1. Per residue of region B:173-182, in order, report the coupling 6.51 cos²θ - 1.76 cosθ + 1.60 (Karplus, θ = phi - 60°) as ³J(HN,Hα) in whole Hz, putting x for Gly and Pro.
2. Mind sorting B:Lys114, A:Lys139 by how few other Cβ atoms lie within 10 Å of their own Cβ, fewest first?
3. Please report, for the Cα atoms of chain A, the Rg to one decimal and the Dmax as a whole number; what are they, in angstrom?
4. Which of these, B:Asp47, B:Asp79, B:Asp254, has the largest mean-square fluctuation under a Gaussian network model of chain B (Cα springs below 10 Å)?
5. For peptide A:308-320, how many partner chain Cβ atoms fall within 10 Å of a residue's Cβ, on average?
6. Cα gyration tensor of region A:65-191, axes a ≥ b ≥ c as square roots of the eigenvalues: rounded (a/c below 1.5), prolate (a/b > b/c) or oblate?
7. Between A:Ala77 and A:Trp144, what is the label-to-label distance in nm when each label sits 7 Å out along the Cα-to-Cβ direction?
8. Going by alpha carbons, how many degrees (0 to 90, nearest 10) lie between the helix axis of B:139-152 and the longest principal axis of chain B?
Amino acid sequence: MNSAQVASRPPTDWASPKMRTRIARRYRSESIFRNLGLFALVLAASFLAFLLFTVVRDGWQGFLSTDVKISITYDPAVLGIDPAATKGPNAQAALQAGDFQAVMAAGVAKLGDEADTVSEGAWLVLRKQLMEDPALLGKTVSVWVPAKSTIDLLAKGKFDLSKPELERGVSDADVAHFNDLKKAGLLRTGFSRIFITGADSTSPELAGIWGATVGSLLTLFVTLSLAFPVGVLSAIYLEEFAKRNRWTDLIEVSINNLAAVPSIIYGLLGLAVFLNFLDMPRSAPVVGGLTLALMTFPVIVIAGRVAIKSVPPSIRDAALGIGASKVQVVFQHVLPLALPGILTGTIIGMARALGETAPLLMIGMRAFVSDTPVGLTSPATALPVQVFLWSDDVARGFVEKTSAAIMVLLVFLLLMNSLAIYLRNKYERRW
Amino acid sequence: MTVMDLSAQNVPVARGIAETDVTTKMTARHVNVFYGTKQAIKDVSIDITRENVTAFIGPSGCGKSTFLRCLNRMNDTVDSARVEGEIKLDGTDIYTGDMDVVQLRARVGMVFQKPNPFPKSIYDNVAYGPSIHGLASSKADMDSIVEGSLRRAGLWDEVKDRLTESGTALSGGQQQRLCIARAIAVDPEVILMDEPCSALDPIATARIEELIDELRGRYAIVIVTHNMQQAARVSQRTAFFHLGTMVEYGNTSDIFTNPVEQRTRDYITGRYG
């Protein structure tokens, strides 16, 4: 009876209108899906392009600065330096103690009305010049010193001069001074060494990114040297040695949850444990590094476990089968094969730590630090915190500095991610 | 004809073999293996001799691989596995404290179903075992161990000019012979082979079978196979496993031409499996 039913089924008409509609519908849904996917991709790419475009547009001039040419007389009397002392063993100290602000004021005064165009901190340039070349003492030289921020911004064309004075953010007097100086050929705009080599300052024209960069590097050094070994060893233990039971399940869940905890919570933890309980120094890279290590550690454990798990069991069998001990199997076979994956995860975790702001705010790394940090305990700030601080500053000149700092941060992130991709491609193994 | 019930016997005796002309290398007595609560091996007792190739045959899931992995304690790596009974190598119980598991696995080498060379050079693949066990006193010594092992595995002529190339770049059959070379480089007494040809083509299989025949006598060889022709070709003794028990054990020729047990007869003639 069954076979009769089967036999009585009519032959399929593959060309029937119903069949054709079904096929057309299938093609239609496929093309809709493809177009949606393409649209999403284009949207994402244009967001990224827009972000990069605005940052570069606002930021590239942050790497430039405007200098004013002034005539300076290094008069020992005004400086208060005994010329005899500059020959002695304490020459540098004697030079450094000079009253350069007075020399500066005298030089600037010669500009007349345009005196208000020079940066307040310009005397630092004079001190540096004289300390490098003590023979200049008593001589009169032309020196390029940083212009104040308003002049710098005028030189970069940041103001719309067609607007009325109150709306454009720059006074008529400054514009007039700028035009006079420009006509006299006393202005030049070029690559800013101060921005690349200096630390934070209250004046935009004297602010630099190097201090924050060093702070970030010191912080990341602490993070890496703590989170990497602890993370990798934890991953190895959990994956290769720990027995599967309720406790390891609990630990696994906890670590996965830790990776998802908002970073500000780590900041609070760092504040409570490292600063309040352990009484470690505020604003120090070592504390920042410890806090970020707590945050990076679960990322490394998760990446490490995935990498270790992806090493085929046949490799472990092979090594065990010729009498390798468990430790030999792990360190001579599993770990070398898992290392590219572990490194990739680590670098991505470090890149996240590099871009992290919130926890560092909590442990005091948002302090104003005008010196480049020299050690793990000296006060420091970090690149993203510097971006945050400058973006918060009311001075108009910090707008472009903020974008320039973002560019520096992005360059570091790009370098780290490229390294991760390079390592992954170079050491990726196929079985 | 007398039907012998091996599982009830204290001392299993392979039929028709004069016990004087062989050396017993490994003995298993009343071995039970559990995975959790599930019993995978039920009361298996067997003697493995040095002069013969012993084949374990049986349908899928009958426990032949599980039992094989007990012989060098590879089952230790499975958390839920529990082994009862007594397995001895040269009279020493391998599951007691007297026997170090690392040394045991050096003495009882293993070749796996899927060729699994290390992703290292051919030379390093073979040299790894001797180096971790400290078997070579010098570089020259190691060179000769590597060459000797590769020669005995019949691979030397094919790879002697490219010892620094990766072991994974070889063909499947060459990889499996490399794994055999790696196993014999530590000079084991027993070699366990877990379906060594199941991932290979017929020509590579034939080459491995020749190799097993060449290695016979020097090493006690135990081979698990689901290919009955292969068991008939390479082995002198055959044990038939079914549902976790060893149904019958004897001379290969007897098992294949004149099995005692009905289940063996059915399997041999292809009624199930």
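Each value in this text was obtained by applying a stated rule to the coordinates, not by laboratory testing. Fair warning: this is a prediction, and the values are worked out from it, not measured in the lab. Reconstructed Cβ throughout: ideal geometry from the backbone, glycine too, with neighbour counts over all protein chains shown.
1. Working through the residues one at a time gives x, 5, 4, 5, 5, 4, 5, 5, 4, 5 Hz.
2. Fewest-to-most ranking of B:Lys114, A:Lys139: A:Lys139, B:Lys114.
3. When restricted to the Cα atoms of chain A, Rg and Dmax are 31.9, 124 Å.
4. B:Asp79
5. Per residue, the average neighbour count from other chains is 4.
6. The shape class here is prolate.
7. 3.3
8. 50
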